[in-house]
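Chemist: One structure, pasted below without further comment.
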Amino acid sequence: MEFTSNNYYLRRTKVKLRKFLIYCAAPLFILGLILFNPLKSEASTQGVIGDNYPSQWKNLPLGATSDSWGMSTRYCTSFVAFRLSTENKFEIPRGFGNANEWASNASARGYVVNSTPSRGAVAYWNSNHVAWVADVSGSNVTIEEYNYGYTGNYNTRTIDKGNPDGYIHFKDVAIQNTLGDWATNTTWSEMNVGINDYYTIPHTLRWQYYDVNKKEWHEIQTGQSNWITLAVNKGQYLINVDVLDSNNKVLETKTMGTDGATSSVINGTNVTREANGEYLLGASSNNPYMSYQIKLYNCNTGKWFTQFNSQWARFKPEAGVQYVVQFEIYGWNRLLDYKSYGFVG
């Protein structure tokens, strides 16, 4: 889900946003999870222009004539020459050769040829193919091309940046000011969240998260970083990032859903009475890096009275007194899971 700055500017329409989230929390969360994965297999649409190859050429048979740059129409070279002219404002010299000659011809003329993709660059394959780079997101490169698979038609696809033999930089296109895909990394006790930031104008990023269960907004940070670290209990959350200009006006907002920063749980407990009347208390977790606390509650007095900062402990109860023992696990000083059991001394 995405919130537009016009309709959901947090400071101006806070009440509307809160009501919207309260009554729509479940579908928002499900939709957020659908949008959550930044490694989708389908091609990214960021930067893709589409098939705007001139109709006077694409309606002819494959290679029926030559284009304005001396390329055979509906071939990969003709489409890339056209795209360089219209988007990059660069006119490739006539007779630049077959696709497998472009890299050497470009290098000989002083253009940069390397393994680094960027929007507007030309991806080339020595097997005789070229394509126009529409978008770069991490190691993923989205390209537009003609005659892929010898079809003579338009095609777009997302590939690994190492798939082509290299990239030719005639006159790369500046990326429009926009936010790109999400990137996430989850550890035992925290979530690292990032977003590709393509803004070239001065700006800051304001990060917040919304606790769907508690219906509360929380500020995380505001600054230059496009990465944040979030450690929260299990639950339903929305992570929100605003792009702010120099006057703190919201230029763009993106929101995603997550079920929390950790899957750490208590998966085993022990409350065993021993022969000497003591109880052996202990717990285990699926996370080997957790810290543990064991707390005891006297039901007769109504007070918590003992706390062990350990995974295992021994406790000698008073005869006939009812107790509750609570096992807790912590990560980054946050309570992640707990289990409670009653017993009588």
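The values are calculated or read from the model by the stated rules, or taken from the named source; none is laboratory data. Everything numeric here is computed off the predicted structure, so don't read it as measured data. Cβ sites come from the backbone with ideal geometry, for glycine too, and all protein chains shown count toward neighbours. Remember, those area values only see protein heavy atoms, side chains included, never the ligands or the DNA or RNA. Shrake-Rupley method; radii C 1.70, N 1.55, O 1.52, S 1.80 Å.
Chemist: Heavy atoms only, probe 1.4 Å: what % of the accessible area of the range 181-333 goes to carbon and sulfur, would you let me know?
Modeler: Reported share for carbon and sulfur atoms: 45 percent.
Chemist: Which shape class applies to the range 203-345: rounded if a/c is under 1.5, otherwise prolate when a/b exceeds b/c and oblate if not, where a ≥ b ≥ c are the square roots of the Cα gyration tensor eigenvalues?
Modeler: prolate
Chemist: What's the local net charge at V122, with K and R +1, D and E -1, over the other residues with C-beta under 13 Å away?
Modeler: Here the charged neighbours net out to -3.
Chemist: Suppose a student asked you for the relative contact order of the range 142-262, using Cα pairs under 8 Å spaced at least 6 residues apart; what percent would you report?
Modeler: 20
Chemist: Just check the range 97-157 against the gyration tensor rule for me: Cα atoms, a ≥ b ≥ c as the square roots of the eigenvalues, rounded for a/c under 1.5, and otherwise prolate or oblate depending on whether a/b exceeds b/c.
Modeler: oblate
Chemist: Further, regarding this structure: Aspartates and glutamates within cross-link reach of K171: Cα-Cα under 17 Å, excluding same-chain residues under 8 positions apart?
Modeler: Cross-link targets: E87, E91, D135, E144.
Chemist: With charges set only on the Cβ (+1 for Lys and Arg, -1 for Asp and Glu), what does the dipole of the range 109-212 come to about its Cα centre, in debye to the nearest 20?
Modeler: Roughly 340 debye, rounded to the nearest 20.
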